[in-house]
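Reading through the structure tokens given below for one structure.
What follows is calculated from the coordinates using simple rules that are stated; it is not laboratory data. Keep in mind the model is a prediction, meaning the values are calculated, not measured. For neighbour counting, all protein chains shown are included, and Cβ atoms are generated from backbone atoms with ideal geometry for every residue, glycine included.
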Amino acid sequence: MDNISALIPAKSAIDSVINPHVKEFPAVSVVVVKLLQMANNDNTTLDELAAVVETEPSITVGILKIVNSPAYITRRSNITGIKEAIQVLGVSTILAHVLEITFYEQIYKGSGKAKFERLFFWQHCLATACLSRAIAEDVGYPNSSEAYLAGLLHDMGKIIIEMSGRISYSDFLDNLPKINGLLLDEEVKLIGMGHDDIGAFYSHLWEFPEFVTLAIKLHHRRFDHLNLSEKHSLLVSIVSFANLITWTQGIGSVDMIRHPILQPETIQTLDITRIKLHKLLFRLDTELKNLAGFYNFTFPAVDVVRENLLRANIALSKKTTEFFYHNNDSNEQKPPHRLSKSLTATHSGLDLSQIVDATLRAIQADFSYDHLYLMKMDKNTRSLTVKAYIDASSESKNPRHTINITPYLDGFIECLRKKTPVIIHGATTEELQVLNQFGIKEMGIVPLTNNNQVLGIIGVDNADSGLPIQPHDLAYVSMVANELGMAMEHAALFKRLRIKATIDSLTRVFNRGSIDGLLKSSFRKAVENNKTVLSVGMIDIDHFKKFNDSFGHPAGDGVLKLVASTIVKYSRPGDYVGRYGGEEFLIVLNDTTLDNALFYAERLRKEVEKLGKLLVKRFKGHLLTISIGVTTISSLSKKAADLVDNADKALYTAKDQGRNRVIGIMEGLVRYP
């Protein structure tokens, strides 16, 4: 790349999210700078490296401990000096270990807060580094030690945020929405900047090698437009792929399921199908066991079946990649009446059936089941219906069986309630009838879930081969089912947004035209059914102009996004949230009485107030709060616009009474939560 500075955020932007004057702000020693310069120099000699290492006794002790560990003991025993260690293992290997120990001692070491465990985070960094090096050697990257270093530091921005962010990474995790999505997107909303930008800024500031800065900056980002060299493109792809693998193996940077995605460039640059994943994971296991002894921690247990899980996850990740980048590149949403068949055909690659079929075939290929079924749950009828079917031996049609869930289907109930894999043997008469319906003697079932909600189950059998279903296989299929549930919800959401709504491009909630249309539809249904209640809330950000005037319009946009995501976070699936204009939002609360609407609005107000107290660290002197006006349909409501007018009156009453409060109005009477 011609000018890497063009990728680096401005110092003023960094200063708005990072406080460099805090006591724990990470400092990079002269030794680290010298070592990184050596890492960027292919001509570094044994004597030069030894001279630098020997200036730091703690590093010397750590290196000697590593080279005399079981990982290297077969090469030569009882190594007592740095020069001897370098002679045995080579300059590049020792340099990688020296940097690893130095960064751990000077930056990463520490207990951290409850939500951000530094030791857990360090495990992720080490695992990504080990995998990056192994992948680099497998795909022919010219310097595997560079890949190790880039993998080691790829998430450096997170530790900087934790140690000196105006909003720490622990605070960020405490306020993270309980929905699936990319951590990076949520970081930008709450912290004000992603860990990739923050890490790249300090990598550049501290004069780390360019390849390190690029890997930090781009391991989550598109980079095809940047005209990177072939070598740098390959390195970024290696680190991105290594990062994905560590997450799928339960070694993420934080203790939650928030898998990253692969950029299209990574899939294009790496021929993933040719990478020897089994050898890769075996090598990772070996290296991590040795590192665990040095750092005194334990990595997750390993099983060779992980390779099968990994391949299924990669196949699914490709579908998620298509969805994510196509969706984010499509800012303009067309109204339903202007959609055409060609528009629908354009997105046929994101069809639910395509995602399901690809995943079931991947599971079949990896675990060799004879038949696989995807059964969708209908909560109204309490039944499961086969929606997709794979027959390994033929192209048989979907049997479309339906299973009515009764109290006597013990295994199915256990699977759905406990969200755990179960093997159905026909323990009850009803279960035996289900097996007979499918023409089998045994069925393995795993729950298909998303956001803790059961969507259905995946069923498998070996009716043709007669092989028993193994419980440990089902455990891995269950993990794939979790990923599938998320992908199905993403695809369903994508379809709903494209077909039913026009979205506000900034906040990603319905725009005014769409929310007005949805309110009219809800109002019509409520009028047609006298038993249906309908409430509306008008939400306004208090003193929003001050955020724009004091911190600039980008900060104001960030506040709008945060408030919108918080409203969505606390709304129900059947509610509608829209941006009504400027800093105002409208929420349509279907089947909700005034009392319940007031309760919801007060809860939302408190959550934004809590968020505002956290954001004071970013926006000094400005507390983020909202005012909410609420109303409910009544005999006086002649049209949907009447509800908006009443909610607006209630909102202005809340503002007149001092803001940061909830007011309800119904038939002219003021109500409080």
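What to note about this one:
- Prolate/oblate/rounded label for segment 119-274 (Cα gyration tensor, a/c 1.5): prolate
- Each Lys and Arg Cβ is given +1 and each Asp and Glu Cβ -1; about its Cα centre, segment 519-673 then shows a dipole of about 420 debye.
- Among the listed pairs 83/276; 376/418; 158/231, those beyond 28 Å (Cα-Cα): 83/276
- Anchor residue 34: aspartates and glutamates whose Cα lies under 12 Å away (excluding residues fewer than 8 positions away in-chain): 48, 207
- GluC sites (Glu not before Pro) restricted to DSSP loop in segment 191-236 with at most 14 other C-beta within 10 Å: 207
- Three-way shape call for segment 601-644 based on the alpha-carbon gyration tensor, with the a/c threshold at 1.5: prolate
- Potential extension, residue 4-residue 361 segment - 0.36 nm per residue separation minus Cα distance: 124.2 nm
- Sequence ranges 97-103, 470-476, 523-529, ranked by mean other-Cβ count within 10 angstrom, highest first: 97-103, 470-476, 523-529
- Trypsin sites (Lys or Arg not before Pro) within segment 374-460: DSSP coil, no more than 13 neighbouring Cβ in 10 Å: 379, 382, 397, 400
- Summed residue charge, Cβ within 13 Å of residue 219's Cβ, Lys/Arg positive, Asp/Glu negative: 0
- Rg/Rg_globular for segment 544-618, with Rg_globular taken as 2.2 N^0.38 Å and Rg from C-alpha atoms: 1.19
- Computed packing ranks the peptides 434-440, 271-277 as 434-440, 271-277, most packed first, by mean other Cβ atoms within 10 Å.
- When you filter the trypsin sites (Lys or Arg not before Pro) in segment 117-191 for DSSP loop state and at most 13 other Cβ atoms inside 10 Å of their Cβ, you are left with 178.
- Under 11 Å, Cβ to Cβ, from residue 139 - net charge with Lys/Arg +1 and Asp/Glu -1: -1
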